[in-house]
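Here is the structure we will look at, set down as structure tokens.
The values are calculated or read from the model by the stated rules, or taken from the named source; none is laboratory data. What you see is a predicted model; the values in this text were computed from it and never measured. Because the Cβ atoms are built from the backbone with ideal geometry, glycine has one as well, and the counts that use them run over all protein chains shown. In case anyone asks, the SASA skips ligands and DNA or RNA and just uses the protein heavy atoms, side chains included. Shrake-Rupley method; radii C 1.70, N 1.55, O 1.52, S 1.80 Å.
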Amino acid sequence: MDLKLLIDGIVRQTTVLIAQLSTASGVRAPLAHVADQIFLELAREIEAQGIKRQVVADMFGMALRSYTKKMTRLTESGSVRDRTLWEAVLEFICEHNPPRERVLGRFSADGEREVAAVLQDLKRSGLIYVTGAGDDSIYGVTSDDVRTAIRRRHDADALANLIWLQIFRSGKCTRDQILAEFEADQSLVNEALEQLFASGRLERDEHAIWARNFVVPFGARQGWESAVLDHFRTVTTAIAAKVAKGASAAPDDRVGGSTFSFTVHPNHPQRERVFRLLSKLRTEVQELWNEVSTYNQAHPPPPDEGVKVSFYLGQTVEAEDREHE
């Protein structure tokens, strides 16, 4: 097995995903920290497997002293993030109350479509208001109190979904462990936790917090980030577990996966069966999940004894994607 080629291929596909996410919905996410974050997380994970720091440094082609200094620097600056286009546009509007033409001109290097998407998102979020129409539109920001409340509500909603996913995947944990895991304002984390308790998504006793399930409704606008993370984590966890157990496969394997690619054309007799396959499988899995969930609600399993079995169902149509692009 050529592990270097395998790792290179995985890195390539991961960067494609990051590139798509970084420009989703017209918002250009900051990427300056990504290379450092990859180094830091990869080094931590290798060390967590019991590999000595000297060996890890050598794997990165670094002297131990240089490796240690870089780890220290990145750990200390891990919470620093650059501004996004979304934040820059909001700040510009706050300072100048500009017409649409001036906003587009100021951020022309970012692309008119991307800036227009940000403006629409800011308006929909309630952070800015618009008077006039078309090129005569004038943008202004809502009051500080309203902006703070809206931003906090959105941050708490997004954070709540990520915390819910983390606890579901980790099993029982304490509030202190959650606060240490998420580099966010502690009051915001606590607010998100209380939101999860109130909605029944999390349960707790005097010692620990846990989640019995994690569900983002199909087509939901809120929480899709957590759903994507859950998809990605499930796939990578299954691959990692399979690699650790060995590459061989058996019909009764409980850990593993298979990929099937179908080539069909407009007149192919099985074309519609192939296209309906994902929907059919998702419906069957959802029905079984509902049955298991209903039983677990009536007969709660011990949090320390449950075995999580995760399925990931995905599908892409490459030719139609190319035509759409």
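What are the residues in segment 183-205 that are modelled with pLDDT under 85 and surrounded by fewer than 16 Cβ atoms within 10 Å (Cβ to Cβ), if any?
Across segment 183-205, the qualifying residues are GLU183, ASP185, GLN186, SER187, LEU188, SER199, GLY200.
Taking the residues in segment 265-311 that are over 30 Å from ASP205 (Cα atoms) and not in a helix (DSSP H, G or I) as candidates, determine which candidate is least open to solvent (accessible area, probe 1.4 Å). Break it down stepwise before answering.
Kept after step one, since they are over 30 Å from ASP205 (Cα atoms), are these residues of segment 265-311: 265-285, 287.
Applying the additional criterion that residues be not in a helix (DSSP H, G or I) yields 265-270.
On the way: HIS265: 92, PRO266: 107, ASN267: 136, HIS268: 54, PRO269: 104, GLN270: 76 Å².
Among them, the one singled out is HIS268.
I need the full set of residues from segment 315-325 which are surrounded by 10 or more Cβ atoms within 10 Å (Cβ to Cβ) and at pLDDT 80 or above, in order please.
GLN315, VAL317
Say we look at segment 61-79 and pick out the residues that are modelled with pLDDT of 90 or more and among the small types (Gly, Ala, Ser); which of these is nearest to LEU179 (Cα to Cα)?
Taking the candidates together, the pick is SER66.
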